[in-house]
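A.B. asks: Mind looking over this structure? Questions follow.
The values are calculated or read from the model by the stated rules, or taken from the named source; none is laboratory data. These numbers were taken from a predicted model, which means no experiment stands behind them. Reconstructed Cβ throughout: ideal geometry from the backbone, glycine too, with neighbour counts over all protein chains shown.
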Amino acid sequence: MSAAAAGAGGLILPVATGAPAAARSRALARDPFTLGVASGDPAPDGFVLWTRLALDPLGGDGRGGMPSRDVEVRWQVAEDERFAKVVRSGTETASPRDAHSVHVEPVGLRPGREYFYRFRVDGHVSRTGRTRTAPAGESPLTFVVAACAHYEHGYYTAYRRLAEQDPDLVVHLGDYMYEYGPDGYKAIEGRVRRHTEGTCRTIADYRMRHAQYKSDADLQEAHAVAPWLVAFDDHEVENNWAGKVSSTADAGFARRKADAFRAYYENMPLRRTSVTGGASIRVHRRVEWGRAARFHLLDTRQFRDDQACADGLRSGCDERLAGGRTLLGDDQRAWLLDGLRRSPARWNLIGQQVLMAQRDWKPGPGKELSMDSWDGYAADRTRLLNGLLTSGAANPVVLTGDAHMHHAADLRPDFDDPDSPKAAVELVTSSVASDGDGYRDQARVDEIVAENPHISYLDQRRGYIVCRLSARELRADFRTLDYISRRGAPAKTSFSLTVPADDDRA
């Protein structure tokens, strides 16, 4: 590590040793910045910067066609897009052991400021990314909520459109990539693009799949426009996995999960504190946006019990009601409630993956519920929502992915009791691409809302949510696209919801 890098935060990945100096000095003949750049987890004095070098993103060994040697990477942070005023810079080592990924955590920057960054290798210069530090005090915030981007199901126009919103922050709540082989999960409209061969099972598989997704120009645009807060759901590893349990009874699941987590870190703008080693990774964390907001990001996969009643949509599943069943795990729930009780923020934004509101799919008597969502962990949901009510946290809003449909809902400890107190509002984003074009079936929407009066809005089209937060209110604009099976769809606001601030709790 250079002295300049050490003074500015430096590299957070371990550096491989033993490569001869002559080998390290050989220049790369082609542009290695084919996977773009990204930033994440802003703080008042810094953020994370990321890139990963790849000469051939789909190189069959998962290493992106890079040589088996260390590569020195220069990075710069500037106050202007032309880099006339560089305020931090350094040199980091991209190692083949880490798929030539680079994570940098510069510090000592000014709060509430826009910055620009880039990387250099052997005369090649990356695109310029824009990022920002968190404010020190209270400041308005525009952030986007997105999730679920199956590469085969459609083009990433939604990423392009959300980038055009010029958000301060992007919150991505999982299913960033999908582990299936080609046609492993079919959309109604059929396949638009093709996955790399085979289901992801090894570190090479996961690295190559991440590289395929990161090669998309629309996704690169969204990463380059603002810092991201990321947390995974299931498909970054395996569909509907739960804790130590593989949904496919994979005997090698612990190794597979460790490889998936390693590749996830290598390809995301996450801090060093995420790296725990082995078959685990820490993504539940808090990110402060001055006095305005505290983001509580949750992990709804690593600590959960297996799904009740063999998973899926089920009616009459008493197992889901068992008091000891947990989705968050005791330690993470305690961590969340403690963070809510101690929060000084005006808004408490809880980012998590699976639908928290009860959603009954069955018209008339009885219920049909998803065992993979919070409906499959009813007692844990009641504990959480009662804890949220007594925490005293100001203006809680739950942000959710996974469902492939927009939802707006009120969260209550007892969804079957209309007098049960409202603990929070839940905003659920539809998918970026998963399930293809989507549709608007108003009759079915009306039927579901009639069964679930706490749900005020549903939309099966693709999209994302733009949230504008101030001291007075949070305004959520649910943005939709009419198609993604071909490029160029415009985005429109199909529904808006305003959550007024409760001044007594701020």
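A.B. asks: Checking Ser126 against (1) touching a strand residue (DSSP E or B) at 6+ places or on another chain (Cβ under 6 Å); (2) not assigned by TED's automatic domain parsing to the domain that holds Asp70, only one condition comes out false. Which one?
C.D. replies: It fails just one condition, (2).
A.B. asks: Being buried (at least 18 other Cβ atoms within 10 Å of the Cβ), charged (D, E, K, R) and within 24 Å of Ser139 (Cα to Cα) narrows it down to one of Arg333, Arg304, Arg285, so name that one. Let's see the steps before the verdict.
C.D. replies: On the way: Arg333 fails: within 24 Å of Ser139 (Cα to Cα); Arg304 fails: within 24 Å of Ser139 (Cα to Cα).
Checking each option against the conditions leaves just Arg285.
A.B. asks: Now for a separate question. Give region 356-368 a look and list any residue that's buried (at least 22 other Cβ atoms within 10 Å of the Cβ) and within 17 Å of Ala322 (Cβ to Cβ), or say none.
C.D. replies: Gln358
A.B. asks: Taking only region 169-185 into account, find how many residues are at negative phi, of a type outside the set (Gly, Ala, Ser) and surrounded by fewer than 23 Cβ atoms within 10 Å (Cβ to Cβ).
C.D. replies: Taking region 169-185 first, the residues at negative phi are 169-173, 176-182, 184-185.
From the residues that got through so far, the ones that are of a type outside the set (Gly, Ala, Ser) too are 169-173, 176-180, 182, 185.
Filter again for surrounded by fewer than 23 Cβ atoms within 10 Å (Cβ to Cβ), leaving 180, 182, 185.
Total satisfying the criteria: 3.
A.B. asks: Does Val425 satisfy the criteria of being surrounded by fewer than 21 Cβ atoms within 10 Å (Cβ to Cβ), outside any loop (DSSP other than H, G, I, E, B) and at pLDDT below 95?
C.D. replies: Taking the combined requirement at face value, the residue does not satisfy it.
A.B. asks: Here are the criteria: (1) touching a strand residue (DSSP E or B) at 6+ places or on another chain (Cβ under 6 Å); (2) surrounded by 22 or more Cβ atoms within 10 Å (Cβ to Cβ); (3) not β-branched (Val, Ile, Thr). Tell me which single one Tyr206 does not satisfy.
C.D. replies: (1)
A.B. asks: Tell me yes or no: at least one residue of region 28-49 is more than 28 Å from Tyr115 (Cβ to Cβ) and at pLDDT below 90.
C.D. replies: Scanning region 28-49, I find no residue that is more than 28 Å from Tyr115 (Cβ to Cβ) and at pLDDT below 90, so the answer is no.
A.B. asks: Now, a different point. Identify all residues within region 169-195 that are in a loop (DSSP other than H, G, I, E, B) and touching a Pro at 6+ places or on another chain (Cβ under 8 Å); write none if there are none.
C.D. replies: Arg191, Arg194, His195
A.B. asks: Hey, another quick one. Looking only at residues that are out of contact with any Leu (no Cβ under 7 Å at 6 or more places or on another chain) and buried (at least 18 other Cβ atoms within 10 Å of the Cβ) in region 60-72, which one is farthest from Arg130 (Cα to Cα)?
C.D. replies: Out of the qualifying residues, it is Arg69.
A.B. asks: Let me ask something additional. With the condition kept exactly as written, say whether any residue in region 287-309 is assigned by TED's automatic domain parsing to the domain that holds Ser430 and without any contact (Cβ under 8 Å) to a residue 40 or more places away in the chain.
C.D. replies: no
A.B. asks: Hey, any hits in region 127-136 for a residue that's in contact with a helix residue (DSSP H, G or I) (Cβ under 8 Å, 6 or more places away or on another chain), of a type outside the set (D, E, K, R) and closer than 20 Å to Arg110 by Cβ? Don't jump to the end; show me each part of the working.
C.D. replies: Going through region 127-136, the residues in contact with a helix residue (DSSP H, G or I) (Cβ under 8 Å, 6 or more places away or on another chain) turn out to be 127-130.
Adding the requirement that they be of a type outside the set (D, E, K, R) leaves 128-129.
Narrowing the set further to residues that are closer than 20 Å to Arg110 by Cβ leaves 128-129.
Checking region 127-136: at least one residue is in contact with a helix residue (DSSP H, G or I) (Cβ under 8 Å, 6 or more places away or on another chain), of a type outside the set (D, E, K, R) and closer than 20 Å to Arg110 by Cβ.
A.B. asks: Looking only at residues that are basic (Lys, Arg) and in contact (Cβ under 8 Å) with a residue 60 or more places away in the chain in region 82-108, which one is nearest to Arg69 (Cα to Cα)? Walk me through it before giving the result.
C.D. replies: Step one: list which residues in region 82-108 are basic (Lys, Arg), which gives 82, 85, 88, 97.
Then drop every residue that is not in contact (Cβ under 8 Å) with a residue 60 or more places away in the chain, which leaves 88, 97.
Numbers: Arg88: 26, Arg97: 9 Å.
Going through the qualifying residues, I end up with Arg97.
A.B. asks: Grab the strands (runs of 3 or more DSSP E) fully contained in region 450-498, keeping just those with 2 or more residues being among the hydroxyl-bearing types (Ser, Thr, Tyr).
C.D. replies: 455-459
A.B. asks: Could you tell me whether region 102-113 includes any residue that is surrounded by 22 or more Cβ atoms within 10 Å (Cβ to Cβ), in contact with a helix residue (DSSP H, G or I) (Cβ under 9 Å, 6 or more places away or on another chain) and charged (D, E, K, R)?
C.D. replies: No: region 102-113 contains no residue that is surrounded by 22 or more Cβ atoms within 10 Å (Cβ to Cβ), in contact with a helix residue (DSSP H, G or I) (Cβ under 9 Å, 6 or more places away or on another chain) and charged (D, E, K, R).
A.B. asks: Looking only at region 351-365, decide whether some residue is without any contact (Cβ under 8 Å) to a residue 60 or more places away in the chain, in contact with a helix residue (DSSP H, G or I) (Cβ under 9 Å, 6 or more places away or on another chain) and under 24 Å from Asp175 (Cβ atoms).
C.D. replies: no
A.B. asks: Suppose the filter is in contact (Cβ under 8 Å) with a residue 60 or more places away in the chain, in contact with a helix residue (DSSP H, G or I) (Cβ under 9 Å, 6 or more places away or on another chain) and within 22 Å of Gln332 (Cβ to Cβ); does Leu270 pass it? Give the derivation first.
C.D. replies: Numbers: in contact (Cβ under 8 Å) with a residue 60 or more places away in the chain: yes; in contact with a helix residue (DSSP H, G or I) (Cβ under 9 Å, 6 or more places away or on another chain): yes; within 22 Å of Gln332 (Cβ to Cβ): yes.
For Leu270, the condition - in contact (Cβ under 8 Å) with a residue 60 or more places away in the chain, in contact with a helix residue (DSSP H, G or I) (Cβ under 9 Å, 6 or more places away or on another chain) and within 22 Å of Gln332 (Cβ to Cβ) - is met.
A.B. asks: Can you tell me which residue within region 58-93, out of those that are touching a strand residue (DSSP E or B) at 6+ places or on another chain (Cβ under 8 Å) and among the hydroxyl-bearing types (Ser, Thr, Tyr), is farthest from Thr34 (Cα to Cα)?
C.D. replies: This residue is Ser89.
Conditions (1) at pLDDT 95 or above; (2) within 21 Å of the chain's Cα centre (by Cα), marked per residue:
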{"site": "Lys257", "(1), (2)": "yes, yes"}
{"site": "Met268", "(1), (2)": "yes, yes"}
{"site": "Arg271", "(1), (2)": "yes, yes"}
{"site": "Thr276", "(1), (2)": "no, yes"}
{"site": "Ser280", "(1), (2)": "no, yes"}
{"site": "Arg304", "(1), (2)": "yes, yes"}
{"site": "Asp318", "(1), (2)": "yes, no"}
{"site": "Gly323", "(1), (2)": "yes, no"}
{"site": "Asp360", "(1), (2)": "yes, no"}
